[in-house]
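The values are calculated or read from the model by the stated rules, or taken from the named source; none is laboratory data. Predicted, not measured: the structure shown is a model, and the values here were computed from it. Cβ atoms come from the backbone with ideal geometry, glycine included; neighbour counts cover every protein chain shown. Note: accessible area is taken over every heavy atom of the protein model, side chains too, but ligands, DNA and RNA are not part of it. Shrake-Rupley method; radii C 1.70, N 1.55, O 1.52, S 1.80 Å.
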Amino acid sequence: MKFAFSYFSILPVRLKTADDPSSSGALGAMLFFFPLVGMVLGLLVIGLFYLLSPLGWYAAVFSSVTYMILYGFLHTEAVMDVADAIYASHSGKNAYETIKKPDVGAMGVLWGIAVVFLKTSGITFLLLHHLFSLFLSVLIVSRLALLMLFYTQTFRSTFLTQLKKAFSPIYFTTAFFLFTTGSLLAIGMHFILLLSFGLMIAWFITKTLQKKLGFINGDVLGTTLESVEILLFVTGVLLWL
């Protein structure tokens, strides 16, 4: 669990020198607790919104941006790399070499700005309308969708391949059962609809990007997570507001 929070968030987590992040058990558990990271970040954002509520709409905007800061813009940065790689492939360049470059091109910047704008706007809307259960549902579903992809897909990444090998069927089925059951009890039946839709669009987006790029890596998964959350924000508001 410590590895999950230290890797997928910027929350201060103290690791002991004896902790071995490369062990199979640690890697498998890190993915197992991935949805918990999303839930905790969501609760922190909601708490911050309540704390800043006298500020009105600015409290919602501030809290929305804080959510992305709390995961270190890890998944947002992936969108920029994927956008650059796709446009590079259109001109005959090697998509994998482009996606591994440390710099970012104009198209990556534009797509990154678009994602940040859409995501912060969506979260702001949910917070202002007090749709907290929907917000938490989306954060959990987006990460459960990535667990599905980890379990089913093949990656062009040594680290992701190690994670996949460590993510045993027991980890996968237990994570889905616990987080789905817990979310149903705490959030309600609409979680199932969001989960079903989230899994479908995550699969579609990932396979579409794989077709365009020729591979799946961490940047593709990060882009998928951002896309799923934005689309589920829209879907949830349309269905339940």
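Residues SER9, SER53: which one is at pLDDT 90 or above and surrounded by 19 or more Cβ atoms within 10 Å (Cβ to Cβ)?
SER9
When you go through ALA106, ALA85, ALA29, ALA78 one by one, which is the residue that is at pLDDT below 95, over 30 Å from PHE179 (Cα atoms) and surrounded by 16 or more Cβ atoms within 10 Å (Cβ to Cβ)?
Being at pLDDT below 95, over 30 Å from PHE179 (Cα atoms) and surrounded by 16 or more Cβ atoms within 10 Å (Cβ to Cβ) holds for just one of ALA106, ALA85, ALA29, ALA78, which is ALA85.
Kindly indicate whether any position in the range 108-123 is farther than 24 Å from LEU238 by Cα and among the polar types (S, T, N, Q).
No.
Condition check ((1) farther than 23 Å from LEU231 by Cβ; (2) in contact with a strand residue (DSSP E or B) (Cβ under 7 Å, 6 or more places away or on another chain); (3) in a helix (DSSP H, G or I); (4) among the basic types (Lys, Arg)) across all residues:
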| residue | (1), (2), (3), (4) |
| --- | --- |
| LEU146 | no, no, yes, no |
| PHE150 | no, no, yes, no |
| THR161 | yes, no, yes, no |
| LYS164 | yes, no, yes, yes |
| THR180 | no, no, yes, no |
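Filter the range 206-233 for residues that are open to solvent by 30 Å² or more (accessible area, probe 1.4 Å), over 14 Å from ILE123 (Cα atoms) and assigned to a helix (DSSP H, G or I) and give the result.
If the condition is that a residue be open to solvent by 30 Å² or more (accessible area, probe 1.4 Å), over 14 Å from ILE123 (Cα atoms) and assigned to a helix (DSSP H, G or I), then LYS207, THR208, GLN210, LYS211, LYS212, GLY218 are the ones that fit.
Take the conditions closer than 16 Å to MET39 by Cα, of a type outside the set (Asp, Glu) and in contact (Cβ under 8 Å) with a residue 24 or more places away in the chain and apply them to LEU147. Does it pass?
Yes, satisfied.
Hey, among the residues in the range 197-229 that are under 16 Å from the mean Cα position of the chain (by Cα) and without any contact (Cβ under 8 Å) to a residue 24 or more places away in the chain, which one's farthest from ALA95 (Cα to Cα)?
The extreme case among them is MET200.
Which members of the range 230-241 meet the condition of being touching a residue at least 12 places away in the same chain (Cβ under 8 Å) and not polar (S, T, N, Q)?
The answer is ILE230, LEU231, LEU232, PHE233, VAL234, GLY236, VAL237, LEU239, TRP240, LEU241.
TYR96 is checked against (1) over 15 Å from the mean Cα position of the chain (by Cα); (2) modelled with pLDDT of 95 or more and fails just one. What number does that condition carry?
Result: TYR96 fails condition (2) only.
Scan the helices (runs of 4 or more DSSP H) fully inside the range 42-118 and keep the ones with 1 or more residues being in contact with a strand residue (DSSP E or B) (Cβ under 7 Å, 6 or more places away or on another chain), among the β-branched types (Val, Ile, Thr) and under 16 Å from GLU229 (Cα atoms).
none
Against the condition in a helix (DSSP H, G or I), open to solvent by less than 10 Å² (accessible area, probe 1.4 Å) and farther than 30 Å from LYS101 by Cβ, how does GLY236 come out, does it pass?
The answer is yes for GLY236.
Could you list, in sequence order, the residues of the range 43-65 that are of a type outside the set (A, V, I, L, M) and more than 15 Å from the chain's Cα centre (by Cα)?
Matches in the range 43-65: GLY47, PHE49, TYR50, SER53, PRO54, GLY56, TRP57, TYR58, PHE62, SER63.
What are the residue pairs meeting all of these: first residue in the range 170-182, first residue in contact (Cβ under 8 Å) with a residue 40 or more places away in the chain and on the phi < 0 side of the Ramachandran plot, second residue open to solvent by 40 Å² or more (accessible area, probe 1.4 Å) and in a helix (DSSP H, G or I), Cβ atoms under 6 Å, and 6 or more apart or on different chains?
Matching pairs, first to second residue: none at all.
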